[in-house]
Amino acid sequence: QVQLVESGGALVQPGGSLRLSCAASGIAFSIYYMNWYRQAPGNQRELVASIASEHNINYANSVKGRFTISRDNAKNTVYLQMNSLKPEDTAIYYCNAYTMTRRYWGRGTQVTVSS
């Protein structure tokens, strides 16, 4: 059974930081592209960051320079370090595991940026 379990979401003040984690089980983690998406109320789900390896990383323009994605294949975990958070970063953040033939989603973790 495949599971992606996100954690680390919280209420944080503008300018603060959070680190999200996504623990995967039931998949050959190292062969999957791992992605973080987010969805704010009334908006479509958008890709925030993706990682295939440390040499193959992409970010949405809105988070470049503030967010860092990383992965630990030994722990089957992907991370999203979020710094300098803004109110517009408020959303549910979803972990996604992707190959050409498989796609899996976690249930999401809420991030709220507010004073």
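The values are calculated or read from the model by the stated rules, or taken from the named source; none is laboratory data. Since we're looking at a predicted model, the values are computed, not measured. Every residue, glycine among them, receives a Cβ derived from its backbone with ideal geometry; neighbour counts consider all protein chains shown. Surface areas here come from the heavy atoms of the whole protein model, side chains and all, with no ligands, DNA or RNA. Shrake-Rupley method; radii C 1.70, N 1.55, O 1.52, S 1.80 Å.
Below are the figures for this structure:
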quantity	calculated
Residue check, Tyr79 at pLDDT 95 or above, open to solvent by less than 30 Å² (accessible area, probe 1.4 Å), in contact with a Ser or Thr (Cβ under 6 Å, 6 or more places away or on another chain) and within 14 Å of Val5 (Cβ to Cβ)	no
Region 53-72, residues that are of a type outside the set (A, V, I, L, M) and in a strand (DSSP E or B)	Ser53, Asn56, Asn58, Tyr59, Phe67, Thr68, Ser70, Arg71, Asp72
Matching residues, region 38-52, being part of a strand (DSSP E or B) and of a type in the set (Lys, Arg)	Arg38
Single residue of Ala23, Ala40, Ala52 found to be at pLDDT below 95 and surrounded by 14 or more Cβ atoms within 10 Å (Cβ to Cβ)	Ala52
Any pair with Cβ under 8 angstrom, 6 or more apart, that starts in region 55-68 at a residue that is among the hydrophobic types (A, V, I, L, M, F, W, C) and ends at one that is open to solvent by 70 Å² or more (accessible area, probe 1.4 Å) and not in a loop (DSSP other than H, G, I, E, B)	Ala60/Glu46; Ala60/Leu47
Any chance Leu85 is in a strand (DSSP E or B) and open to solvent by less than 60 Å² (accessible area, probe 1.4 Å)	no
Unmet requirement for Arg102, which otherwise passes all of (1) within 15 Å of the chain's Cα centre (by Cα); (2) under 18 Å from Leu4 (Cα atoms); (3) among the charged types (D, E, K, R)	(1)
Cross-chain or 6+ apart pairs with Cβ under 7 Å, region 90-105 first and within 18 Å of Ser53 (Cα to Cα), then modelled with pLDDT of 95 or more and of a type in the set (Asp, Glu)	Cys95/Glu6
Some residue of region 56-76 being closer than 15 Å to Gly106 by Cα and either touching a Ser or Thr at 6+ places or on another chain (Cβ under 8 Å) or open to solvent by 30 Å² or more (accessible area, probe 1.4 Å) (or both)	yes
Candidate set from region 95-115 (those that are open to solvent by less than 30 Å² (accessible area, probe 1.4 Å) and in a strand (DSSP E or B)); member that is nearest to Gly26 (Cα to Cα)	Ala97
Selection status of Asn35, touching a residue at least 12 places away in the same chain (Cβ under 8 Å) and in a loop (DSSP other than H, G, I, E, B)	no
